[in-house]
């Protein structure tokens with residue numbers, strides 16, 4: 001089945017009507033698109049190979065992480081993964097970043113311990129990023145490793161094991177700084193660990209004391225913030241750590257607030273199913289300088305479904321825009337779905353985040369704030385409800401048209417062609 005895009009004349013006609021409709025509410029659609037073009041999403045490399053990495057191809061995925069499904073065409077090496085990413089970037093309007101995990105080092109077949117990783121092990125990624133204008137963000141990989149088999153890393157009671165993971169994170173910070181220095185854009189190096197327990201512990205304090213000491217050791221070396229920004233990421237629970245996670249939101253929020261310059265990462269799949277992070281954004285940014293958002297979609301216990309244009313996706317982007325936080329917020333994706341075409345999963349999720357941002361930018365925020373301050377909540381509600389039916393899709397189509405990317409669902413045509421020509425050849 002081939003999907004047909006609207007013609008340029010149809011796009012122009014629909015946009016003209018949309019621009020006039022928004023202008024009547026005091027919204028400049030041209031300004032909204034200009035602002036959206038300044039936003040760079042950080043695309044997570046691990047969607048392309050189900051978080052496998054290159055360290056131990058085909059090895060078990062451990063540490064509270066599970067990728068379900070076996071759709072054909074998984075990337076098996078760096079060249080294939082970069083090829084898949086190249087297509088995704090061509091299907092997204094704007095210029096975007098890459099989020100890379102340490103297990104995607106390319107070492108020429110030589111076994112390199114994670115605590116001995118160096119920038120040269122990511123030279124191919126760096127060359128590719130330079131050639132394509134992508135910034136790179138980075139992550140230590142504190143899972144799927146024999147020294148993480150019992151569910152503890154930076155909070156491990158064994159000092160030797162703890163030291164291994166500290167040294168791994170130190171190495172990753174230096175690699176991140178190298179990326180930032182070489183690419184001229186700061187690398188966000190984000191620390192997430194799976195540490196926790198399946199059943200209720202007697203000692204909740206001890207592991208958190210050890211985690212604090214480990215983080216202090218990791219962050220002791222000062223790095224130029226123009227090259228590297230450090231972030232810490234919480235989780236409520238995971239597979240194998242259903243009852244207790246050492247790095248809780250409360251722990252990391254306290255740690256970030258007490259360490260100026262440290263970012264806190266809010267992952268939309270890492271909280272209780274009845275909790276939303278849209279309500280946390282303004283609260284957190286009162287006390288930390290910058291925020292890292294990992295946009296995902298939690299479904300009950302599984303935190304990593306493909307992002308949809310849901311109410312919460314829109315609410316997160318509304319909070320970022322309404323609060324004037326765009327310049328203080330780093331937006332990345334974090335999901336892995338092996339049940340559908342992986343390139344399509346990347347593309348659908350990323351385009352939904354960009355669409356949610358555009359919808360937020362098409363609000364008359366100043367006018368709504370004035371009505372709220374004046375106590376006119378009637379008009380505020382009326383405008384907010386009216387906005388739900390406004391023709392934002394026509395503005396999105398124009399934005400895609402101007403950036404020379406497929407309009408509407410026509411992006412699937414290119415993915416289907418790539419699947420037949422490239423993905424189907426992988427065995």
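Structure above, values below:
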| item | result |
| --- | --- |
| Selected residue (only one of 32, 23 is surrounded by fewer than 17 Cβ atoms within 10 Å (Cβ to Cβ), more than 30 Å from residue 172 (Cβ to Cβ) and modelled with pLDDT of 95 or more) | 23 |
| Qualifying positions in the stretch 404-427 - within 23 Å of residue 392 (Cα to Cα), buried (at least 16 other Cβ atoms within 10 Å of the Cβ) and in contact with a helix residue (DSSP H, G or I) (Cβ under 9 Å, 6 or more places away or on another chain) | 405, 406, 407, 411, 412 |
| Search result, residues across the stretch 292-314 that are under 21 Å from residue 361 (Cα atoms) and in a loop (DSSP other than H, G, I, E, B) | 296, 307, 308, 309, 310 |
| The stretch 186-230: number of residues that are buried (at least 19 other Cβ atoms within 10 Å of the Cβ), within 25 Å of the chain's Cα centre (by Cα) and not in a loop (DSSP other than H, G, I, E, B) | 13 |
| The one condition in (1) touching a residue at least 60 places away in the same chain (Cβ under 8 Å); (2) touching a helix residue (DSSP H, G or I) at 6+ places or on another chain (Cβ under 8 Å); (3) within 27 Å of residue 74 (Cα to Cα) that residue 326 fails to fulfil | (3) |
| Lone qualifier among 147, 126 - being in contact (Cβ under 8 Å) with a residue 24 or more places away in the chain and either in contact with a helix residue (DSSP H, G or I) (Cβ under 9 Å, 6 or more places away or on another chain) or in the same structural domain as residue 207 (by TED's automatic domain parsing) (or both) | 126 |
| Search result, residues across the stretch 231-251 that are closer than 27 Å to residue 177 by Cα and under 18 Å from the mean Cα position of the chain (by Cα) | 231, 232, 233, 234, 235, 249 |
| Every residue from the stretch 133-169 that is loosely packed, with under 14 Cβ neighbours inside 10 Å and part of a helix (DSSP H, G or I) | 146, 159, 160 |
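The values are calculated or read from the model by the stated rules, or taken from the named source; none is laboratory data. In this text, all values refer to a predicted model and were calculated from it rather than measured experimentally. Heads up, the Cβs are rebuilt from the backbone with ideal geometry, glycines too, and the neighbour counts pull from every protein chain shown.
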